[in-house]
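Have a look at the structure below, then the notes.
The values are calculated or read from the model by the stated rules, or taken from the named source; none is laboratory data. For clarity, every value in this text was computed on a predicted model and none was experimentally measured. So basically every Cβ, Gly included, is an ideal-geometry build from the backbone, and we count neighbours across all protein chains shown.
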Amino acid sequence: MSAFFQQLNLTGRILVSFWITLVLVIVSAGILFALDRDDSYTTDIRPPKVIIELSRQLMEYDYDTAREWFAQQPVREQKKIFVSRGDEEILYRRLPRAVRYMHRQLSPARPFIHKQKHHKIVVGRLLMKPDGEHVKIVALFRAPHPPWRAIVMDNLVGVLLFAVLISGLISYVLARYISKPIRSLRDATKQLAAGDLSVRVMPSIRKHKDEIYHLAKDFDDMAEKLERSVEAQKRLIQDISHELRSPIARLQIALELTRKRLQDHEQQDLDRIENECQQLNDIITSLLNLPAYELQPELALGEEVDVASLIQILCDDLNYSPSGAKVEFTNQLSHATTVRGNGQLLRSALENVMKNAQHYTEGEDPIRITLEQEGEELEILCCDNGPGIPENKVTEIFKPFYRTSEARERSSGGHGLGLAIAKRAIDLHQGKIKALNTSPKGLCIQIRLPVSQRMED
C-alpha cells in the first residue's frame, strides 16, 4: 500500500486519503447501525379499536344491530373499514378494488390475510358467527413510518454503495481544487527551467493567503530577481565583450601597419599572429555566450563539427611553439564522423584540456591524443606524463578555481578555470568528461560526445 501511495501524484494522494477516510467512516457507521438495529416498529401495528369493537358486535349481536352501531361511528373511521355478508357491504357502499381483491381471497382456508404495499396496509378477516354465518371484514389504514435508521438498514448495500460513490466524487473535486495551484506552480517551474524568465504564477493562484499563496508569491519574487540578474549578466557580458575586443581590434590594426613595412617573405609570423587574434576574438564570443547557450542550447548547437579535423588543427597549433611538450594525435576512426554542436566551444574545451596536459606533463614523452568511436559516441582521450591527482579529487578538478596541492598550485600558473570551462562546454553538447589516473604516473582526460552523422568520403 505504501509503494502504491508513493507512486501517485499529489492529486491522487489527496483523493485516496479523502476517499479512504470517508469510506471507513461510512462502513463504521453501517456496522454500528447493524449492531444496534431496532425492528420494533414493524411489530407495533395494532388494529384500530373500531375494528375490535365491530368484531365484538358481529359476534355477540345480530347483523342489523352491528350495522346500526357501525353507522353511528365517525365517518373517518367508516372509510377505513368494510364489512360484507355475501355480496352486500354493511353500509351498502361500493367496495374499492383493493377491498374486492381481499374479499375474494378470504375463505375458511385463509381466514386472515395481511397485505402491505408501500405505506398502506390491507387486513382481511373472515368471521364465523355463532349461527354459522360468514362475515368478511377488510380494513385499510396507513402503516407507521419507519425511522430513518431502519430505512438505511433495510437498504444497507445500496446506501453504502451510493455513499462510497458520492464520497469518491466529492474527494476528487476537493483533490483537484487543492492541487490546482500546485499544478500551476509546477507548470511555471518547467517554463522557468526552459528559459522563460517572464513566467509568473500569482495571476493563476487563488487569493486566499494560505501556504500555497505565499509559495507562489515567493516563486514570483525569485523569478523576478532571476530575470533581473540574467538581464544584468547580459549587459555585463556585452560590456566585457566590448572591453576585450577593443585591444584585439587595436592589435589587428597594428599588425596591418606592420605588415605594410615588411617584405612578403617576412610576413609569415604576422600571419600567425593575425590568425591567433581572430581565434582569440572567436573564443571571447563563445565563452561570453556560454551562459546564454546553457539556458537555450538550441542557439549554440547548430553546426556539424568534424572532431578529427578539429583535433588535428589544435595539435598543429600546440606543436607550432618550440617550447612545451609535443602532442601526438592518433585517429582510429575508419571514416570521418561529425558531432552536432558548436565548433568554437568544442575547440575551446579541447584546447583547454590539451594545454592543461601540456602544462603539467613531465619528461620528454609527448602528450597522446586518441580518437575512436564507441557505439554511438566518440571517445577522445588526452593523456600526459604528469604527477596525476589523488583518486578522491578526480571529480573536483572540473570545479571553477579548484587546484590540487600536487599539480595545480597558483605558482604553476594555473587558475583552475580551463577544465571547468571544458566541462561546461561538453555538458552543453550532452557529452561526458572525466579524469583517470594512469600507471605508473600520468593523467588522462576522457571526453565522450554523441555521434551526429557519418561523413561520406
* Residue that is surrounded by the fewest Cβ atoms within 10 Å (Cβ to Cβ), among those in segment 89-106 that are closer than 21 Å to Q57 by Cα and at pLDDT 85 or above -> Y92
* Asked: So is E379 modelled with pLDDT of 85 or more and under 18 Å from N319 (Cα atoms) or not?
  -> no
* Asked: Residue check: is E396 modelled with pLDDT of 90 or more and under 45 Å from the mean Cα position of the chain (by Cα)?
  -> no
* **The lone exception for L381 - which of (1) assigned to a strand (DSSP E or B); (2) out of contact with any strand residue (DSSP E or B) (no Cβ under 6 Å at 6 or more places or on another chain) it fails** => (2)
* Asked: Would a scan of segment 34-42 turn up a residue that is under 30 Å from S171 (Cβ atoms), part of a helix (DSSP H, G or I) and either modelled with pLDDT of 85 or more or of a type in the set (A, V, I, L, M, F, W, C) (or both)?
  -> yes
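Every residue, every condition in (1) farther than 21 Å from W19 by Cβ; (2) at pLDDT 80 or above; (3) of a type in the set (S, T, Y); (4) surrounded by 14 or more Cβ atoms within 10 Å (Cβ to Cβ), yes or no:
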{"site": "I151", "(1), (2), (3), (4)": "yes, no, no, no"}
{"site": "D154", "(1), (2), (3), (4)": "yes, no, no, no"}
{"site": "V157", "(1), (2), (3), (4)": "no, no, no, no"}
{"site": "A175", "(1), (2), (3), (4)": "no, no, no, yes"}
{"site": "P203", "(1), (2), (3), (4)": "yes, no, no, no"}
{"site": "R206", "(1), (2), (3), (4)": "yes, no, no, no"}
{"site": "A223", "(1), (2), (3), (4)": "yes, yes, no, yes"}
* Condition test on Y61, is it modelled with pLDDT of 85 or more and aromatic (F, W, Y)? -> yes
* **Cβ-Cβ under 8 Å pairs, at least 6 apart or on other chains, segment 56-75 side over 19 Å from P130 (Cβ atoms) and assigned by TED's automatic domain parsing to the domain that holds I137, far side polar (S, T, N, Q) and not in a helix (DSSP H, G or I)** => none
* To do: Please give the number of the condition D316 fails out of (1) closer than 25 Å to I389 by Cα; (2) of a type outside the set (V, I, T); (3) part of a helix (DSSP H, G or I).
  => (1)
* Report, by residue number, each residue of segment 363-374 that is surrounded by fewer than 14 Cβ atoms within 10 Å (Cβ to Cβ) and more than 14 Å from I447 (Cα to Cα). => G363, E364
* Among what's in segment 177-201 and is in a helix (DSSP H, G or I) and among the β-branched types (V, I, T), pick the residue that is modelled with the highest pLDDT. => T189
* Asked: What pairs can you find where one residue is in segment 428-457 and farther than 17 Å from R340 by Cβ and hydroxyl-bearing (S, T, Y), the other is surrounded by 14 or more Cβ atoms within 10 Å (Cβ to Cβ) and modelled with pLDDT of 90 or more, and their Cβ atoms are less than 7 Å apart, with a gap of 6+ or different chains?
  -> T438/C383; T438/C444
